[in-house]
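A short worksheet on the structure shown next.
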Amino acid sequence: MGIRLGAIADDFTGATDLANNLVRAGMRVVQLIDVPEDGGAALAQDADAVVIALKSRTVPAAEAVDASLRALAWLRGAGAEQIYFKYCSTFDSTPAGNIGPVTDALMDALDTDFTVATPAFPDNGRTVFKGHLFVGDVLLSESGMRHHPLTPMTDSDLVSVLGAQTTRPVGLIDHTVLAAGTDAVRARIGELRSAGVAFAIADAVSNDDLVRLGEAVRDLPLVTAGSGLAIGLPANWGLRPTSAAAQLPPAGGHRAIVSGSVSVATNGQVRAFLDTGRPAFCVDPLRIASGADVTGEALAFAEAHLAEGPVLVYSTETPDAVRGVQSRLGAAEAGELVERTLAEVARGLVARGVRRLVVAGGETSGAVVQALGITGLRIGPQIDPGVPWCAAHLPDGDTLHLTLKSGNFGGPDFFSAAFALLEES
Ligand code: ADP
């Protein structure tokens, strides 16, 4: 049997966020890193949903359209009955795109004249009211997003934001309709459709709104949303939340943590790990720059301690220390040196039998996944909001349990909590 839901996400962490929500709502989910080149059908085996992670949020619109259409073709080939285009819950885009142009292209390819759009995710403080997006208690245009370097969001009215990105007419399904129930939403969709409206921004101020919206869009070939709408879709296939959806193969092998994140939360997590007195190796960017074999040293250290339990290899430093390094090496150069080193360390750790690996840092995760040759992840149980354990096939066929934590996610004892959860499941 093919998959039910096929999702196209415009960035990596957004893909994981969506996958995580789908798993919690009862779907077995596989996340693919880009469109598989060699067919990749085996990757989607036993999955109810496949989420393809692209890097299409801020590339030129034509490239985003191309990549999204390739992803669509793959997902349809895998049997997807409905397509979910996932973007950021702050609707990150510019008048040039990419939400409008990608949706237009997907609608054309799917030969459909109507879809919905909602970035709402009330659990994360993203709500849409009368078409206006709120981030916590403030309008999008008053949130930090107004200063975003690539996609500054200075208008909170999503009907007008999306209207600037497409020639198709944009309408609204407002909160009174959502409050009135699924039939009212369906009737409103019918009304908009016969008036020639192609996109409807949908209000949602609660999870109940998203559940009703999810039920009402059951027959649409395409939906577009942040990760919130995911909570309302699996029920359309009769799926209910169950821990079985998050089941991963049994975990074993050595445990390690690789941390290249310099966020506040990760600093706390590294400190908490060091306080336990467990083995840890600090990667110093200045020593890498001076030509020292830091990778070799880190791996020799790890090899001596892996049998005792988790080993941490980290470059995580306080913002002051990081600024000091950046002023000597340049921010980009320092980042690249550290990412390359940590990715090599991760590869070396796996070669030494590590099969349970925690990676901290968004960019660091990208570098590690690439170095390990990982193309797909089965999404497992959630450690902390938005951060699940995953299982990946290594190129040699072995299974690696992996969790990719972006900077500010996770509680203070995230590293221990992560390994403890794997023992339980
Ligand atoms: P986060 O998710 O916390 O932003 P990322 O991995 O995305 O973490 O980004 C952190 C960036 O900082 C990476 O490019 C990483 O290589 C770099 N970096 C990590 N440690 C240091 C350090 N000690 N000095 C300078 N740059 C560092």
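The values are calculated or read from the model by the stated rules, or taken from the named source; none is laboratory data. Here the structure is a predicted model, which is why all the values come from computation and not from measurement. Don't worry about glycine lacking a Cβ; one is built from the backbone with ideal geometry, like all the others, and counts go over all protein chains shown.
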Checklist entry - Looking at (1) in contact with a Ser or Thr (Cβ under 9 Å, 6 or more places away or on another chain); (2) more than 9 Å from the ligand (Cβ to nearest atom); (3) closer than 19 Å to Ala280 by Cβ, which is the one condition that is false for Gly380? => result (3)
Item to check | Filter pass, Ala71 being at pLDDT below 95, farther than 30 Å from Arg146 by Cα and surrounded by 15 or more Cβ atoms within 10 Å (Cβ to Cβ) | outcome: no
Item to check | Which listed residue is in contact (Cβ under 8 Å) with a residue 12 or more places away in the chain and under 27 Å from Val359 (Cα atoms), from Ser68, Ser93, Ser56 | outcome: Ser56
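Of all residues in segment 61-113, how many are acidic (Asp, Glu) and part of a helix (DSSP H, G or I)? Spell out the reasoning first.
Initial filter on segment 61-113 (acidic (Asp, Glu)): 63, 66, 81, 92, 104, 108, 111, 113.
Retained after the next criterion (residues that are part of a helix (DSSP H, G or I)): 63, 66, 104, 108.
Qualifying residue count, segment 61-113: 4.
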Next on the checklist: Criterion first (buried (at least 24 other Cβ atoms within 10 Å of the Cβ), of a type in the set (S, T, N, Q), outside the structural domain of His393 (by TED's automatic domain parsing) and at pLDDT below 95) does Thr16 satisfy it?
Outcome noted: yes
Checklist outcome for this item: The lone condition Pro250 fails out of (1) within 15 Å of the ligand (Cβ to nearest atom); (2) part of a loop (DSSP other than H, G, I, E, B) is (1)
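Given the options Leu329, Leu342, Leu357, name the one that is within 12 Å of the ligand (Cβ to nearest atom) and within 27 Å of Ala420 (Cβ to Cβ). If you could, list the steps in order and put the result at the bottom.
On the way: Leu329 fails: within 27 Å of Ala420 (Cβ to Cβ); Leu357 fails: within 12 Å of the ligand (Cβ to nearest atom).
Just one listed residue meets the conditions, Leu342.
Taking the conditions exactly as written (over 25 Å from Phe121 (Cα atoms), free of Cβ contacts under 8 Å to residues at least 60 places away in the same chain and within 16 Å of the ligand (Cβ to nearest atom)), does Ala371 satisfy them or not? If you could, list the steps in order and put the result at the bottom.
Details: over 25 Å from Phe121 (Cα atoms): yes; free of Cβ contacts under 8 Å to residues at least 60 places away in the same chain: yes; within 16 Å of the ligand (Cβ to nearest atom): yes.
Spelling it out, Ala371 is indeed over 25 Å from Phe121 (Cα atoms), free of Cβ contacts under 8 Å to residues at least 60 places away in the same chain and within 16 Å of the ligand (Cβ to nearest atom).
Table: residues versus (1) among the β-branched types (Val, Ile, Thr); (2) surrounded by 14 or more Cβ atoms within 10 Å (Cβ to Cβ); (3) assigned to a helix (DSSP H, G or I).
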| position | (1), (2), (3) |
| --- | --- |
| Ala292 | no, no, no |
| Gly296 | no, no, yes |
| Ala300 | no, no, yes |
| Val313 | yes, yes, no |
| Thr316 | yes, yes, no |
| Val322 | yes, yes, yes |
| Ser327 | no, no, yes |
Next on the checklist: So, Arg146, is that one of a type in the set (D, E, K, R) and over 27 Å from Arg218 (Cβ atoms) or not?
Outcome noted: yes
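Here is a yes/no grid of residues against (1) within 20 Å of Ala216 (Cβ to Cβ); (2) in contact (Cβ under 8 Å) with a residue 24 or more places away in the chain:
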residue: Val128; (1), (2): yes, yes
residue: Ser141; (1), (2): no, no
residue: Gln165; (1), (2): no, yes
residue: Thr182; (1), (2): yes, yes
residue: Arg186; (1), (2): yes, yes
residue: Glu191; (1), (2): yes, no
residue: Phe199; (1), (2): yes, yes
residue: Ala202; (1), (2): yes, yes
residue: Val205; (1), (2): yes, yes
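More than 14 Å from the ligand (Cβ to nearest atom), in the same structural domain as Gly411 (by TED's automatic domain parsing) and either closer than 18 Å to Phe415 by Cα or touching a strand residue (DSSP E or B) at 6+ places or on another chain (Cβ under 8 Å) (or both), is that true of Leu312? Steps first, answer last, please.
Details: more than 14 Å from the ligand (Cβ to nearest atom): no; in the same structural domain as Gly411 (by TED's automatic domain parsing): yes; either closer than 18 Å to Phe415 by Cα or touching a strand residue (DSSP E or B) at 6+ places or on another chain (Cβ under 8 Å) (or both): yes.
Answer is no for this residue.
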Item to check | Failed item, numbered, when Gly362 is tested on (1) touching a Lys or Arg at 6+ places or on another chain (Cβ under 9 Å); (2) more than 7 Å from the ligand (Cβ to nearest atom) | outcome: (2)
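For segment 281-297, check the following and say yes or no: at least one residue is away from the ligand (no atom under 12 Å from the Cβ) and hydroxyl-bearing (Ser, Thr, Tyr). Working first, answer last.
Within segment 281-297, the first condition is being away from the ligand (no atom under 12 Å from the Cβ), and the residues that meet it are 281, 290-293, 295-297.
Of the ones still in play, those that are also hydroxyl-bearing (Ser, Thr, Tyr) are 290, 295.
Yes, there is a match, as at least one residue in segment 281-297 is away from the ligand (no atom under 12 Å from the Cβ) and hydroxyl-bearing (Ser, Thr, Tyr).
Name the residues in segment 238-264 that are over 19 Å from Ala420 (Cα atoms) and small (Gly, Ala, Ser), would you? I'd like the intermediate steps shown before the answer.
Within segment 238-264, the first condition is being over 19 Å from Ala420 (Cα atoms), and the residues that meet it are 238-242, 245, 260-264.
If the condition is that a residue be over 19 Å from Ala420 (Cα atoms) and small (Gly, Ala, Ser), then Gly238, Ala245, Gly260, Ser261, Ser263 are the ones that fit.
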